[in-house]
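Before any comments, here is the structure.
The values are calculated or read from the model by the stated rules, or taken from the named source; none is laboratory data. Note that the structure is predicted; figures quoted are calculated from it, not measured. For neighbour counting, all protein chains shown are included, and Cβ atoms are generated from backbone atoms with ideal geometry for every residue, glycine included.
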């Protein structure tokens, strides 16, 4: 997708905590300077999409990105199965599930087939229309929506990096969560990962002006603890995923380490690897 300078806006404060003290770590896609907040440790791009840019990005994300590559779609569906298998062990029978950023509803399909009641939230119009063929879907910006239901689990699968005011989204999720219910964050790039530290801007999940906020476990756990939720589970899927090729991935990381020691820089992007992606489950106090 082609963007113009008018699609971006500068960011001078951490989108997580609002602090203005940051370390600039590297420059990534879209000429984005990526910073790490000194106060809270959250990473963010100092150049982000504005309202017009966001509308352009999400206008037909379903067809231009989410469904454009058949092999990527096959692997994503395999990951849906892995993520679902982890989530379902926390759910009661016939649970009410809300997927925030549900796209076309393919992840929800796993929960629906198991007898759970499924709803979605989606910002992209084309994707919302597709998901609404199967489920009740609220279209728009999640914190601004009037949602007249409560849920046993809210899903945030690979979406937190797109939220410009992320705590608003998570507070809304806590409000909609039943006592004893769960907030499930999965397929989320881990800024504490070994590969991110080694590869920096060449990390395969590096931040940019489109996916502009990066997390570690610590700020998320601290936020939820302050809102009456505890960390109930965590996982870092790799070997069981369709992306892993363990011998090749180890060889690539080993070569990158040698190259870094020799020249101080690393060429090429990071491979799938242990710790790259995090899965966190938070439970609301009863």
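Take residue 175 and decide whether it is closer than 24 Å to residue 76 by Cα and either modelled with pLDDT of 95 or more or more than 11 Å from the chain's Cα centre (by Cα) (or both).
Details: closer than 24 Å to residue 76 by Cα: no; either modelled with pLDDT of 95 or more or more than 11 Å from the chain's Cα centre (by Cα) (or both): yes.
Spelling it out, it is not the case that residue 175 is closer than 24 Å to residue 76 by Cα and either modelled with pLDDT of 95 or more or more than 11 Å from the chain's Cα centre (by Cα) (or both).
Inclusion of residue 90 among residues that are crowded, with 21+ Cβ neighbours inside 10 Å and either in contact with a strand residue (DSSP E or B) (Cβ under 8 Å, 6 or more places away or on another chain) or without any contact (Cβ under 8 Å) to a residue 24 or more places away in the chain (or both) is not warranted. With the structure loaded, tell me whether residue 4 is free of Cβ contacts under 8 Å to residues at least 40 places away in the same chain and under 26 Å from residue 141 (Cβ atoms) or whether it fails that test. Answer is yes for this residue.
When you scan region 98-126, how many residues do you find that are in a helix (DSSP H, G or I) and in contact with a strand residue (DSSP E or B) (Cβ under 9 Å, 6 or more places away or on another chain)? Spell out the reasoning first.
Restricting attention to region 98-126, the residues satisfying the condition of being in a helix (DSSP H, G or I) are 106-113, 125-126.
If we keep only those that are in contact with a strand residue (DSSP E or B) (Cβ under 9 Å, 6 or more places away or on another chain) as well, we get 107-109, 111-112, 125.
Of the residues in region 98-126, 6 are in a helix (DSSP H, G or I) and in contact with a strand residue (DSSP E or B) (Cβ under 9 Å, 6 or more places away or on another chain).
Within region 59-97, if we keep just the residues that are outside any loop (DSSP other than H, G, I, E, B) and within 16 Å of residue 120 (Cα to Cα), the residue that is modelled with the lowest pLDDT turns out to be 62.
For residues in region 250-286 being free of Cβ contacts under 8 Å to residues at least 60 places away in the same chain and assigned to a loop (DSSP other than H, G, I, E, B), which is surrounded by the most Cβ atoms within 10 Å (Cβ to Cβ)?
As a first pass, look at region 250-286 and keep what is free of Cβ contacts under 8 Å to residues at least 60 places away in the same chain: 250-259, 261-265.
In the following step, the residues that additionally are assigned to a loop (DSSP other than H, G, I, E, B) were identified as 264-265.
Working: 264: 7, 265: 10.
Checking each candidate, the answer is 265.
Please go through region 148-170 and pick out each residue that is assigned to a loop (DSSP other than H, G, I, E, B) and either out of contact with any strand residue (DSSP E or B) (no Cβ under 8 Å at 6 or more places or on another chain) or within 23 Å of residue 213 (Cβ to Cβ) (or both). Spell out the reasoning first.
Taking region 148-170 as the starting set, the residues that turn out to be assigned to a loop (DSSP other than H, G, I, E, B) are 148-150, 158-159, 163-165.
148, 158, 159, 163, 164, 165 - these are the residues of region 148-170 that are assigned to a loop (DSSP other than H, G, I, E, B) and either out of contact with any strand residue (DSSP E or B) (no Cβ under 8 Å at 6 or more places or on another chain) or within 23 Å of residue 213 (Cβ to Cβ) (or both).
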